[in-house]
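The values are calculated or read from the model by the stated rules, or taken from the named source; none is laboratory data. Every value quoted in this text rests on a predicted model; they were computed, and no experiment measured them. As a convention, Cβ positions derive from the backbone with ideal geometry for all residues, glycine included, and neighbour counts pool all protein chains shown. In case anyone asks, the SASA skips ligands and DNA or RNA and just uses the protein heavy atoms, side chains included. Shrake-Rupley method; radii C 1.70, N 1.55, O 1.52, S 1.80 Å.
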Amino acid sequence: METRIFENKEAVAKGFSAYLSDLIDSKSEIHIALSGGSTPKIVFDELAAKYREKIDWKKVHFYWGDERCVPPSDSESNFKMTQDHLLSKIEMPAGNVHRIQGENDPSQEAKRYSEVLQKQLPAENGMPRFDLVILGMGDDGHTASIFPDSIDQWEAKDLCVTVAHPVSGQIRVSLSGEIINRAETVAFLVTGKSKAEKVREVIQKEGNFDSYPASLVKPESGNLIWFLDEDAAADLR
């Protein structure tokens with residue numbers, strides 16, 4: 001595991017965008033699972049502004065780590081956020097964008113999207129594998145849409161699962177740990193002082209770390225990188 005600490009969230013976005021550009025350059029084709037949230041939004045703005053011409057977007061395939069079960073035009077849609085801040089500003093083939101169809105029946109969509117992953121991702125030892133999974137972490141230690149009260153879904157044998165948000169009850173479709181931990185690389189993007197306690201507990205294996213889904217992110221490859229701002233990293237020793 002590696003931690004990379006930057007001055008603020010804007011610096012995280014710049015640092016991660018440079019890392020991503022280099023990673024894409026090193027591949028003939030690359031399959032990436034995206035995250036929603038405020039930090040990825042800044043990353044997408046950085047990529048659109050500085051890397052629109054630098055990156056060969058034709059060899060990039062985008063997927064999503066989770067999605068709210070809303071239409072793609074809904075303001076809560078992770079796809080819409082990506083569309084507004086990145087996809088609408090770059091030249092990427094439509095066939096390279098593999099969205100979770102949040103407007104569909106959640107259980108059926110989890111099954112359909114699992115099949116998409118089986119078909120589209122390159123296989124290693126017969127198992128589909130992302131080149132990169134980008135994750136965030138909530139103040140409660142959740143990641144993707146696996147929450148502490150649904151942590152058992154992390155171990156599901158299905159590649160995608162349905163989960164209800166513990167407060168709103170909103171249904172979401174999420175990747176399971178089964179496929180997240182197979183990725184060649186997993187990168188956390190975490191910013192803000194409100195995340196500092198959970199960052200410390202998860203990274204340093206302290207407190208109730210094992211009750212947080214983020215602590216279960218352990219890619220088999222060993223390639224786990226935390227991109228943090230100074231606020232999120234404030235409690236690390």
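Rule-of-thumb check for segment 169-237: C-alpha Rg over 2.2 N^0.38 Å? Show your work: numbers first, answer last.
Details: Rg = 12.9 Å, N = 69, 2.2 N^0.38 = 11.0 Å.
For segment 169-237, the normalised Cα radius of gyration is 1.17.
For the chain, evaluate the Debye formula with one uniform point scatterer on each Cα (no solvent term) and list log10 I(q)/I(0) at q = 0.11 Å⁻¹, rounded to two decimals.
Normalising to I(0) and taking log10 leaves -0.51.
Out of residues 5 or more away from residue 8 or on other chains, whose amide H comes under 5 Å of its own, with H placed 1.01 Å from N in the peptide plane?
Result for residue 8 returns 230.
Under unit Cβ charges (Lys, Arg +1; Asp, Glu -1), what dipole magnitude, rounded to 20 debye, does the chain have relative to its Cα centre?
With Lys and Arg at +1 and Asp and Glu at -1, about 440 debye.
With a 1.4 Å probe and all protein chains kept in place, how do 127, 1, 92, 137 rank by accessible area, largest first?
So, going from the largest accessible area down, we get 1, 127, 92, 137.
Which value, in Å², gives the accessible area per residue of the chain when a 1.4 Å probe is used on the protein heavy atoms? Walk me through the intermediate numbers first.
On the way: 10420 Å² over 237 residues.
Spelled out: the 1.4 Å probe surface of the chain, per residue, equals 44 Å².
At 1.4 Å probe size, with the rest of the protein present, what percent of the exposed accessible area of the chain is carbon and sulfur atoms?
44 percent
As a test, work out the antiparallel percent of DSSP beta bridges whose residues both lie in segment 1-145, rounded to the nearest 5. Working shown, then result.
Details: 2 of 10 bridges.
Of the beta bridges lying entirely in segment 1-145, close to 20 percent run antiparallel.
Quick one: the Cα spread of segment 85-163 along its three principal axes, in angstroms, biggest first?
40, 33, 27
For the charge dipole of the chain, defined by +1 on Lys and Arg C-beta atoms and -1 on Asp and Glu C-beta atoms about the Cα centroid, which residue among 208, 102, 18 has the Cα displaced farthest towards the positive pole?
The residue sitting most towards the positive pole is 18.
Looking at 48, 30, 1, which one has the Cα that reaches farthest to the positive end of the dipole of segment 1-82 (charges on Cβ: Lys, Arg +1; Asp, Glu -1)?
Working it through, the farthest residue towards the positive pole turns out to be 48.
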